[in-house]
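Below: the structure, in C-alpha cells.
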Amino acid sequence: MPSATPTMEDYLKCIYIMIQRKGYARAADIAETLDVQRSSVSRMVQKLDDKQYLIYEKHRGFILTSEGNRLGEWYVYRNQMLKRFLETVGISEYHIDQEVEGIEHHFSADSVKRIAGMIKYFDENMDRVTRLREIQYSESNDIDN
C-alpha cells in the first residue's frame, strides 16, 4: 500500500463512500462527516490532488483517480473487516466504531487478509462462535474470581 498518512486514509475512505452513495463528494459534506473545518478539507484535497489520488477542480468538486478509488475501496474494506472481527470476538456494538478508528491505520494488508480469513472461518460454522463465547465467558469468570 502507498504511504498515505492516517488522515489521508480517512479522507480517501470518506470521499470513496460519498461517491459510491451519491455519485459525488463535496467539501462541505466531507467537513461535516469528518467534523473538520472546510479550510482543512481544502488543504487535504490539495494534498490528495498533489499525490494524484484525486482530481480537484476548484469550485466544481473532485473525483478519485483510479489509484484514489483503489485506495478508498481498500480502506473501506479494511474498516469493515476490523468491525466484523470485533463483532465476532464479542466487542459491544457501542465500542466498535471508536475502537476501529483507533486501530485501523496500524494494520498491514496481510493482517487484514488474515482477519478476513478468520471471519470466514467463524461464519462457515456458527457453532465456532458459540464455542468462542463459552471460552470468553469462562475466562471472564476466572478473572473475576
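What follows draws every value from the coordinates through simple rules; no lab data is involved. All figures in this text were calculated on a predicted structure; none of them were measured in a lab. Glycine also receives a Cβ, built like all others from the backbone with ideal geometry; neighbour counts cover every protein chain displayed.
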### Query
For the chain, with the dipole built from +1 on Lys and Arg beta-carbon atoms and -1 on Asp and Glu ones, taken about the Cα centre, which of 59, 5, 112 lies farthest toward the positive end?
59
### Task
Considering only 89, 76, 45, give the residue with the highest GNM mean-square fluctuation for the chain, with springs between Cα atoms whenever their separation is below 10 Å.
89
### Summary
Relative to the compact-globule estimate 2.2 N^0.38 Å (N residues), the Cα gyration radius of the chain stands at a ratio of 1.27
## Note on the structure
Per the 1/(1 + (r/R0)^6) rule, R0 = 30 Å and r from the Cβ atoms of residue 42 and residue 22, FRET efficiency to 0.05 is 0.95
### Task
Could you tell me which of 46, 86, 71 has its Cα farthest along the dipole of the chain towards the positive end, charges placed at Cβ (Lys, Arg +1; Asp, Glu -1), taken about the Cα centre?
46
## Note on the structure
Counting sequence-distant residues (5 or more places) and residues on other chains, those with an amide H built under 5 Å from that of residue 25 are 62
### Query
How large is the dipole of the chain about the Cα centre if only Lys and Arg carry +1 and Asp and Glu carry -1, each at its Cβ, rounded to the nearest 20 debye?
800
### Message
Let me check against my output: what whole-number percent is the relative contact order of the chain, with C-alpha pairs under 8 Å and at least 6 apart?
### Response
20
### Message
Under 5 Å between amide hydrogens, which residues at least 5 positions from residue 36 or on another chain qualify, with H placed 1.01 Å from N in the peptide plane?
### Response
none
### Query
Under 17 Å Cα-Cα from residue 13, which lysines qualify once same-chain neighbours fewer than 8 residues away are excluded?
22, 47, 51, 83
